[in-house]
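J.: Here you go, one structure.
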């Protein structure tokens, strides 16, 4: 996960700064479940339970879960959709 995924005002192009190219979160399949680990985001929230996801903390990704990636202007809300193959 990069800053251009987190904030709609950040674009992945030739003007992207080195700070914006740093990974801020990553996805893993762990113990049979998909999780998102917050690596650098200071205002990431699990909106289903209104709980802050601290840096270094993981959140389980379940169908329909709502995660606010940033409270800043332009911050995105994601709604998880799991596709079975």
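J.: Would you indicate which of (i) 104; (ii) 122; (iii) 90 is the value of volume of the Cα convex hull per residue in Å³ derived from the coordinates of this structure?
T.: For volume of the Cα convex hull per residue in Å³, the calculated option is (i).
J.: Provide the packing ranking of 61-67, 41-47, 11-17, i.e. peptides ordered by the mean count of other C-beta atoms within 10 Å per residue, highest first.
T.: So the order, starting with the most tightly packed, is 41-47, 61-67, 11-17.
J.: Oh, and also: With the contact rule set at Cα under 8 Å and sequence spacing of 6 or more, what percent relative contact order holds for the chain?
T.: After rounding, I find 25 percent.
Bear in mind that the values in this text are calculations on the coordinates, not laboratory data. Bear in mind the structure is a predicted one, so any value in this text is a computation, not a measurement. Don't worry about glycine lacking a Cβ; one is built from the backbone with ideal geometry, like all the others, and counts go over all protein chains shown.
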